[in-house]
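Structure first, then comments.
The values are calculated or read from the model by the stated rules, or taken from the named source; none is laboratory data. Every value quoted in this text rests on a predicted model; they were computed, and no experiment measured them. Positions of Cβ are generated from backbone atoms using ideal geometry, with glycine treated the same way; all protein chains shown enter the neighbour counts.
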Amino acid sequence: MFIDTHTHITDEAFRGEEEAVIGRALQAGVGKMILADICSAERPPVFGLCRKHPGVVYPMVGLHPENVSENWQEELSELERWLPEHPVAVGEIGLDYHWDVTFKAQQKEALRIQFELASRLNLPVNIHLRDATEDFVAIAKDCAHLGLRGNLHACSGSFETWLQLCRYGEWSIGVGGVVTFKNAHQLPEVVMKVPLEKILLETDAPYMAPVPLRGKRNEPSNIPLIAAKIAEIKGIPLQEVEETTTRNAIQLFQL
Ligand code: NI
């Protein structure tokens, strides 16, 4: 069995097809899927779908950095009301300076608050990080006392960044379709160097479909294509990637 540790089945790209998407995933051997949360509007569908598929679809809860704007404090308090429904992680949270830095200070503050929340609830964090590595490492360092553990979703950083972060918590990397791209930059090298025990599979569907489906709508059933590429890079059997990454996900998210 494979696990998709970061997916968005409630995205509008799948509207009305959610059940078929889950069915195709199960058919492909992807037995569990974790839905990444981004903001309050997303939570009723996310938790609704998880209630319908206990033991198969699991929720995270978190305010995505791109959704940090004027109302970020209200957004953070809204999040608390979903805690009784047992999200398996606080995510996706993080920093994103790629398109817009208007709310940079608020993004950093929201990240700290959600780190504290994860620590208080003893939950892992699922990190979205783009063009903000330096600030992220600084906050992780400041928060080292929280004993954070988590996953760098859609990991695009260097092996050195991962090593550095590991001084301030327990970090895995989430590997998705990008690893199959010709222009995957440093990701194959990172996958080669990071131990398999610290790697998780993810699609980030509907985005980032792996080759040969690149550019099409992605979905959790494509996880085996990503696992096969990791097996190729590491020179190990596909089954080892399947078993180890599944064990990693079950441990980290307590599935
Ligand atoms: Ni995502």
>> Can you find, within region 195-207, the residue that is farthest from the ligand (Cβ to nearest atom) among those that are buried (at least 20 other Cβ atoms within 10 Å of the Cβ) and among the hydrophobic types (A, V, I, L, M, F, W, C)?
In response: Ile199
> Regarding Leu152, is this residue surrounded by 17 or more Cβ atoms within 10 Å (Cβ to Cβ), within 19 Å of the chain's Cα centre (by Cα) and within 25 Å of Tyr207 (Cβ to Cβ)?
Replying inline: yes
> Would it be correct to say that Trp171 is within 14 Å of the chain's Cα centre (by Cα), farther than 22 Å from Lys104 by Cβ and free of Cβ contacts under 8 Å to residues at least 40 places away in the same chain?
Replying inline: yes
> Before we move on, is Met1 farther than 20 Å from Val125 by Cβ and either among the aliphatic types (A, V, I, L, M) or touching a residue at least 60 places away in the same chain (Cβ under 8 Å) (or both)?
Replying inline: yes
> So, in region 209-248, of the ones that are outside any helix (DSSP H, G or I) and of a type in the set (A, V, I, L, M, F, W, C), which residue ends up surrounded by the most Cβ atoms within 10 Å (Cβ to Cβ)?
Replying inline: Ala209
> When region 77-114 is examined, which residues are found to be small (Gly, Ala, Ser) and in a helix (DSSP H, G or I)?
Replying inline: Ser77, Ala105, Ala110
> Where residues in region 64-76 are outside any helix (DSSP H, G or I) and more than 13 Å from the ligand (Cβ to nearest atom), which of them is nearest to Asp11 (Cα to Cα)?
Replying inline: Val68
> If you take the residues in region 1-51 that are polar (S, T, N, Q) and within 15 Å of the ligand (Cβ to nearest atom), which one is surrounded by the most Cβ atoms within 10 Å (Cβ to Cβ)?
Replying inline: Thr5
> Does Ala110 qualify as being more than 16 Å from the ligand (Cβ to nearest atom), over 27 Å from Ile3 (Cα atoms), small (Gly, Ala, Ser) and surrounded by 14 or more Cβ atoms within 10 Å (Cβ to Cβ)?
Replying inline: yes
> Taking only pairs six or more apart or across chains, which ones have beta-carbon atoms under 9 Å, a first residue in region 99-117 that is in contact (Cβ under 8 Å) with a residue 24 or more places away in the chain, and a second residue that is surrounded by 14 or more Cβ atoms within 10 Å (Cβ to Cβ) and basic (Lys, Arg)?
Replying inline: Trp99/Arg130
> Going through region 219-235 one residue at a time, which ones are touching a residue at least 24 places away in the same chain (Cβ under 8 Å) and within 20 Å of the chain's Cα centre (by Cα)?
Replying inline: Glu219, Pro220, Ser221, Asn222, Ile223, Pro224, Leu225, Ile226, Ala227, Lys229, Ile230
> Can you find even one residue in region 88-95 that is touching a strand residue (DSSP E or B) at 6+ places or on another chain (Cβ under 9 Å), at pLDDT 95 or above and surrounded by fewer than 23 Cβ atoms within 10 Å (Cβ to Cβ)?
Replying inline: yes
> Taking the condition of a type in the set (Lys, Arg), in contact with a Phe, Trp or Tyr (Cβ under 7 Å, 6 or more places away or on another chain), part of a helix (DSSP H, G or I) and at pLDDT 95 or above, does Lys141 pass?
Replying inline: yes
> Within the group Ile3, Ile38, Ile34, which residue is modelled with pLDDT of 95 or more, under 28 Å from Ser119 (Cβ atoms), part of a loop (DSSP other than H, G, I, E, B) and β-branched (Val, Ile, Thr)?
Replying inline: Ile38
> Here are some conditions: (1) farther than 17 Å from Val241 by Cβ; (2) more than 14 Å from the ligand (Cβ to nearest atom); (3) not in a strand (DSSP E or B); (4) not β-branched (Val, Ile, Thr). Met192 meets all but one. Which one does it not meet?
Replying inline: (1)
